[in-house]
Amino acid sequence: MTTRTLEWKVGLYLFEEDGTTKARVVLDTGTSTLTGHGTARCSAEDPDVPEIGDELAAGRALKDLAAQLTRIADRDLESVGAGGGERLAPPYAWTTAL
């Protein structure tokens, strides 16, 4: 049996301006780089709590990254004749662009 150890590096960056928080998560596998994005907007009737915007935007960016990884794994499985893996359902309350 072969043992394999890898380290993938992840950077999460948050930016806030005028009640909108944007997150970018960058995954570096050593052989490729993927980037996920997420956005959260503070509703006019809600109090502006930056931590909540950070959490929502970061979570959405991580979901975006997870969906990309799953799509890549599905394609790789199909390319070796193993069929597709689990498919992620579209996330609810998702903001893809401003």
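Number of residues in the range 23-51 that are over 30 Å from ALA73 (Cα atoms) and surrounded by 15 or more Cβ atoms within 10 Å (Cβ to Cβ) equals 2.
Results for (1) free of Cβ contacts under 8 Å to residues at least 12 places away in the same chain; (2) assigned to a strand (DSSP E or B), shown as yes or no for each residue.
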| position | (1), (2) |
| --- | --- |
| THR3 | yes, no |
| LEU6 | no, no |
| LEU12 | no, yes |
| PHE15 | yes, yes |
| LYS22 | no, yes |
| LEU27 | no, yes |
| GLY36 | no, yes |
| GLU45 | yes, no |
| GLU51 | yes, no |
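Within the range 53-71, the residues that satisfy the criterion of being touching a residue at least 12 places away in the same chain (Cβ under 8 Å) and over 12 Å from GLY38 (Cβ atoms) are GLN68, LEU69, THR70. The condition of being out of contact with any helix residue (DSSP H, G or I) (no Cβ under 8 Å at 6 or more places or on another chain) and either closer than 19 Å to THR70 by Cβ or modelled with pLDDT of 95 or more (or both) holds for only one of LEU12, LEU56, LEU27, that being LEU56. Would you call THR20 of a type outside the set (Lys, Arg) and surrounded by 10 or more Cβ atoms within 10 Å (Cβ to Cβ)? Judged against the criteria, THR20 is a match. Taken over the range 55-78, the criterion of being within 16 Å of LEU12 (Cα to Cα), surrounded by 17 or more Cβ atoms within 10 Å (Cβ to Cβ) and more than 8 Å from the chain's Cα centre (by Cα) is satisfied by LEU56, ALA57. The single condition from (1) modelled with pLDDT under 85; (2) crowded, with 16+ Cβ neighbours inside 10 Å; (3) among the charged types (D, E, K, R) that ARG87 fails is (2).
The values are calculated or read from the model by the stated rules, or taken from the named source; none is laboratory data. Here the structure is a predicted model, which means the values were calculated and not measured. Using ideal geometry, Cβ is built from the backbone for each residue, glycine included, and neighbour counts are taken over all protein chains shown.
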